[in-house]
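Every number here is computed from the coordinates shown, using simple stated rules; none is lab data. In this text the structure is predicted, and so the values were computed from the model without any measurement. Positions of Cβ are generated from backbone atoms using ideal geometry, with glycine treated the same way; all protein chains shown enter the neighbour counts.
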Amino acid sequence: MIKKTSILIFLFCASTMFIFAQNKNIDSLEKSLNQTNNIENKISVLKKLTELYFSENYYDKSVYYAEKGLKLSRTKHSDSEMAFLELLARNKFKLSKFNISYKLYTELFNKAKKNKNKHYQGIALNGFLQLFWIQGLYDKAVKSGNEAINIFEELNDSDNITVTKLNTASVYLDLKNLKEAEKIYDDVLNNKKNNYDTVLIAGIYEKKGVIQFYKKFYSASGYFYTKALNLYQLLNDELSAAIEIGNIAETYEVEKKYSKALNLYNQAIIIEKKHKYYSGLIFLYEATGKLYIETKQYKNAEKALKKALYSINLTKEKRELPNIYNLLHLLYAKTGNYKKAYEYILKKDTIKDSITGENVQNKINLIRIKYETENAEKENLFLKKAQEYQKMINKRQSFIISIISALLVIIILFAGLLYKFNLKNKKITNTLSEKNKELNNAYSDIKGSINYAGKIQNVMLSSFTDTLKVFSEFIILYKPAYTLSGDFYWSKKINNTVFIAVGGSTGHGIPGALLSITGMSFLNEIVTEDFIQTDVVLNNLRNKIKQRLNQNGNFREHKDGWDIALFSINLKTKETQFSGAFNSMYVITEDKGKKIIVKYKADRQPVGIYYREQPFKSHNIKLKKDDIIWMFTDGFPDQFSEMYNKKYSSKRLKELLLSISSEPMKEQKNILNSEFNKWKGNFEQVDDIMIMGIKL
């Protein structure tokens, strides 16, 4: 986990290299801004304020002045307008608002092209390089960089040539092409060191540290990181210094000095949160999450990795998603939550396939070779033209005849190839059209089948509600994450005894739905007598699923089964018995004039194969009129919030149930549904939801 952050320095250092030589006071600039009415003077002051606040990492303030300057220069000051577009795009990138940054660079490029301003065309292409790089689109990044270099070479702009080459080196570094990257860094360091450009030197020291890290020379890596840190501290660049602190922490991490590493990572997190640098926070939270897993601090690990996902959601950077999903898979596997572990390994494989490709390095090499070839051709351009011209004079007639003959042969060959190609293309087009129709038909059939299966599942579930009508009031909040659900409820009345279960299957969607239907079927088979014990029911249910799925105790086999809450109640005596597998039962009752919620704990094992299987226990309970029984799966408590970036939790749900217990049951259902939607916000629903409440 190397943080790719110093490319920001390289991308913009050429345009800001000498801007801050005059150490003007911000207060005096703001004062002069209010005092002058001259538009040119206002634009000049706004530009300096934007650059000063950017250099101090106050990006929101920098954006404020950049937007004022852009608005002021929109009509008559095209050069200033392009300057403010570049400054605004740069700030938006720093604030991880990549879509806005891309739009601004696109506007800058188009305006510069219209005004025939090569300099800002090159600056915009440098911006594209950065944006493509941060998204892992390496071939596009290098292509944009090479176009920028061609422009800067035409302008003889050595500073921006250096900057763009360094950006390209960062792409090579990302792809572990250490030889190419190190060659560029050493060349620039040797050529630029005497110019005392501290920012540039610090950035290169960091990259040399990264290269040594990849080579597993950790002491050398720490040496270069420390040199970069000292330079950034000398410049009072707090954010860049934080980046180096994180890099040094990583050298401690690989050397298994976990306490030192965590301490430095947390220092870096505080600073980067202050500057709202979410791109860097992704890597820092990922690193701390990994260390917390290593040191068995699993709750801290989950918090850190969820914060990493939240930062990715803000920035839309997906490069680290496979690593974070893999760490979440490892975390949940270590804590015994195999359902979630399986979900995250599936997510990892899916996202990895979507953002990576085996041919990326080959594309980069082809682009690099093309660029180097073009440069070589430029160097020999005049010599080649002179030789060709002399040859043309000496053998003009024979040359023309040869060209005409060759053209005739080529035209004949091309005509034949074109004819064959058209025939082949027509055949391929017809085949693809047929295949596309088949795929569309297949998709429609599958989608229709799933929707129909969902209707069947809903009908099966609704058939159990008739039994619940023996109670004065009851509610069921049922919200599948997809069309089909792994959560289910079941009921059966035998004489004076009612049996009720609420369960959740391994997974959701089609596999979960199959398991839920199997569970309901097994419960119907097992519960045939009104005096059967709830613990006996769960023990028999476990034996049936193990037998049906051939679960023999092999650790690597799939751990399919259910988390379930099951209770029976005698309608005359109100005597109740409860047994649970991970899912507990809650009763809201009145004690000494005050309403309380009582938890009847489930066994910490699923209904299915488990590495520590024990016989299920039962609770004998005496209930009274107006008591409310609650049973629910883990979907509601595990839902993440868009606003708070954390789970709702069982504790918060119990507090809510107690607070609304005086309301009619239908109103309680409305409150629960409203609370869930408010908490979730725009985040996706992470799991199926099932909550049942019964009032005696």
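What percent of all Cα-Cα pairs in region 242-305 falls in each 5 Å bin, counting up from 0?
Spelled out per bin, shortest first, that is 4, 22, 32, 26, 13, 3, 0.
Leaving out same-chain residues fewer than 8 places away, which aspartates and glutamates sit with a Cα under 16 Å from that of Lys424?
List returned: Glu434.
Taking the alpha-carbon centroid of each part, what is the distance from region 50-80 to region 267-308 in angstrom?
When both Cα centres are located, 33 Å separates them.
Estimate the FRET efficiency between Gln547 and Leu571 by the formula 1/(1 + (r/R0)^6), using the beta-carbon distance for r and 35 Å for R0, to the nearest 0.05. Show your work: numbers first, answer last.
Details: r = 33 Å, r/R0 = 0.95.
According to the calculation, E is roughly 0.55.
Treating each Cα of region 129-190 as an identical point scatterer and ignoring solvent, apply the Debye formula and state log10 I(q)/I(0) at q = 0.23 Å⁻¹.
Results for region 129-190 at q = 0.23 Å⁻¹ read -0.92.
So, counting K/R as plus one and D/E as minus one, what does the shell of residues with Cβ under 14 Å around Gly222 add up to?
Details: positive: Lys208, Lys215, Lys216, Lys227, Lys257, Lys260; negative: Glu206, Glu244, Glu250, Glu253, Glu255.
With Lys, Arg at +1 and Asp, Glu at -1, the neighbours total +1.
I need two numbers for region 206-254: Rg to one decimal and Dmax as a whole number, Cα atoms only, in Å.
According to the Cα coordinates of region 206-254, Rg and Dmax are 10.1, 30 Å.
Could you tell me which chymotrypsin sites (Phe, Trp or Tyr not before Pro) in region 572-633 are loop residues by DSSP with no more than 10 other beta carbons within 10 angstrom of their beta carbon?
Tyr611
On a full-extension model of 0.36 nm per residue, what is the gain between Ser78 and Ser55, subtracting their alpha-carbon distance, rounded to one decimal in nm? Walk me through the numbers before you get to the answer.
Details: separation 23, 0.36 × 23 = 8.28 nm, distance 2.41 nm.
Roughly 5.9 nm would be gained on extension.
Quick one: Cα centre-to-centre distance for region 559-625 and region 466-524, in angstrom?
That distance is 16 Å.
Please report the spacing between the Cα centers of region 663-693 and region 209-266 in Å, no decimals.
The distance from the Cα centre of region 663-693 to that of region 209-266 comes to 46 Å.
Can you give the log10 of the normalised intensity I(q)/I(0) at q = 0.12 Å⁻¹, computed with Debye over equal Cα scatterers of region 167-293?
Here the Debye-derived log intensity ratios amount to -0.45.
For region 463-695, what relative contact order do you get, as a whole percent, if you take Cα pairs closer than 8 Å and at least 6 residues apart? Display every interim value, and only then the final one.
Values: 483 pairs, mean separation 57.2, N = 233.
After rounding, I find 25 percent.
What number do you get for region 463-695 when its Cα radius of gyration is normalised by 2.2 N^0.38 Å, N = residues? Kindly include the intermediate steps, with their values, before the conclusion.
Values: Rg = 17.3 Å, N = 233, 2.2 N^0.38 = 17.5 Å.
Dividing the Cα radius of gyration by 2.2 N^0.38 Å gives 0.99.
If I take every Cα pair under 8 Å that is 6 or more residues apart in region 131-270, average their sequence separation and divide by the length, what percent do I get for the relative contact order? List each step's numbers first, then the result.
Values: 131 pairs, mean separation 18.2, N = 140.
Over region 131-270, the number comes to 13 percent.
Given N residues in region 607-685, what is Rg(Cα) / (2.2 N^0.38 Å)?
Working: Rg = 16.2 Å, N = 79, 2.2 N^0.38 = 11.6 Å.
Rounded to two decimals, the normalised Rg is 1.40.
List the trypsin sites (Lys or Arg not before Pro) within region 566-620 that DSSP assigns to loop and that have no more than 15 neighbouring Cβ atoms inside 10 Å. Don't skip to the end; give the middle numbers.
Details: sites: Lys572, Lys574, Lys592, Lys594, Lys595, Lys599, Lys601, Arg604, Arg612, Lys617; in loops: Lys572, Lys574, Lys592, Lys601, Arg604, Arg612, Lys617.
Filter output for region 566-620: Lys572, Lys574, Lys592, Lys601, Arg604, Arg612, Lys617.
Using packing as a proxy for protection, rank 272-279, 82-89 so that the peptide with the highest average count of other Cβ atoms within 10 Å comes first.
Values: 272-279: 19.6, 82-89: 25.0.
Descending packing order for the listed peptides: 82-89, 272-279.
Tell me the Kirkwood radius of region 157-242: reciprocal of the mean inverse pair distance over distinct alpha-carbon atoms, in Å.
On the way: mean 1/r = 0.0765 Å⁻¹.
About 13.1 Å for region 157-242.
Just the Cα atoms of region 104-153: what Rg and Dmax do they give in Å?
Reported Rg and Dmax, both Å: 10.4, 32.
When each pair of different Cα atoms in region 485-623 is counted once in the 1/r mean, what is the Kirkwood radius in angstroms, to one decimal?
Details: mean 1/r = 0.0641 Å⁻¹.
Its Kirkwood hydrodynamic radius stands at 15.6 Å.
By average Cβ neighbour count within 10 Å, what is the ranking of 51-57, 536-542, 620-626 from highest down? Don't jump to the answer; show the numbers that get you there.
Numbers: 51-57: 19.3, 536-542: 21.7, 620-626: 12.4.
Highest mean packing first, the order is 536-542, 51-57, 620-626.
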